[in-house]
Ligand SMILES: *Cc1c(COP(=O)(O)O)cnc(C)c1O
């Protein structure tokens, strides 16, 4: 048995999901003729009370399309230092849109309306024009931390006043919503665009959706084609997304429970220093000087447990659909054995 805690992207489609794929009705989606893609887009848009949606191969693509549509070359996007768009999208902000990022040091990846206001450039020829604010929920690199809607609404208000776009990288938005019990529709009202991933906790093989107003999605559709993301009989993949939205959201709480148990175990180990508060399915922690980070990773891997390194001594474990209670037990007993 291999226990893979490197990411929640490692899940494989379940039997029910595979059946949904096999039974999908398809057409050519570049001609907007794939009924299953259209159904998925309408379903996701309506969950968030947004006008329209666009199905894309990856969350990097949905974020990058959003940045491209919201900005002009030479402008600036404000985001937290931990943001995925800045750290893990290959410099795409600059590469695809000719835009620069101004990084704000938030608290566990979360920035406030006050911080944003202080960082909006005035209208001077020599200053970069600020045009977009980007938030992430949950914040991956900050340990799966969760924004409350009450923290976001002042940002929505500020962006409206200052005429800035507001984009949410909601790759793991459902992990946040099942914890807070906030409604997707309330989140939809707060943003101009939202990206959601189907291939993280929701367990599809691939796919993300970009949500927004009709005109925004019309422009996004064009950019998706230019970026090489126009897909043909994509309904076979979209069917997995419909299945995931119907079946795999509420169960995310189980992943969170298992992540908390791992966090508690780690906190009790002599060679672990800092475990970030576990708010969802991500556990980030530091191995202290009693053990070398690479040795720790190797010891786990010798026990068939894979995790990712986030730095020399910083490690990340992510729970997901294919991580069972048996695997949790084995992980906990292996960790305790090293103590
Ligand atoms: C995974 C992830 C994405 C999308 O990444 P892809 O690998 O392109 O699917 C975007 N934002 C966050 C926060 C993520 O964790």
Tally the residues that are assigned to a loop (DSSP other than H, G, I, E, B) and either surrounded by fewer than 22 Cβ atoms within 10 Å (Cβ to Cβ) or within 16 Å of the ligand (Cβ to nearest atom) (or both), restricting the search to the stretch 39-58. 4
Filter the stretch 156-170 down to the residues that are touching a helix residue (DSSP H, G or I) at 6+ places or on another chain (Cβ under 6 Å) and either surrounded by fewer than 24 Cβ atoms within 10 Å (Cβ to Cβ) or more than 16 Å from residue 103 (Cα to Cα) (or both) and list them by number. 156, 158, 165, 166
Residue by residue through the stretch 208-229, note down the ones that are within 16 Å of the ligand (Cβ to nearest atom) and touching a strand residue (DSSP E or B) at 6+ places or on another chain (Cβ under 9 Å). 208, 209, 210, 211, 220, 224, 227, 229
Here are some residues: 36, 62. Which one is farther than 30 Å from residue 125 by Cβ, out of contact with any helix residue (DSSP H, G or I) (no Cβ under 7 Å at 6 or more places or on another chain) and buried (at least 22 other Cβ atoms within 10 Å of the Cβ)? 62
Determine whether residue 19 is away from the ligand (no atom under 16 Å from the Cβ), on the phi < 0 side of the Ramachandran plot and not in a strand (DSSP E or B). yes
Over the stretch 75-103, the set of residues within 16 Å of the ligand (Cβ to nearest atom) and either in a strand (DSSP E or B) or in the same structural domain as residue 310 (by TED's automatic domain parsing) (or both) is 77, 79, 80, 101, 103
Just to be sure, is residue 209 assigned by TED's automatic domain parsing to the domain that holds residue 44, buried (at least 17 other Cβ atoms within 10 Å of the Cβ) and modelled with pLDDT of 95 or more? yes
What's the number of the only condition in (1) in contact (Cβ under 8 Å) with a residue 40 or more places away in the chain; (2) assigned to a loop (DSSP other than H, G, I, E, B); (3) more than 20 Å from the chain's Cα centre (by Cα) that residue 200 fails to meet? (3)
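The values are calculated or read from the model by the stated rules, or taken from the named source; none is laboratory data. Given the structure is predicted, the values throughout are model-derived calculations rather than measurements. Ideal geometry is used to build each Cβ from the backbone, glycine not excepted, and the neighbour counts take in all protein chains shown.
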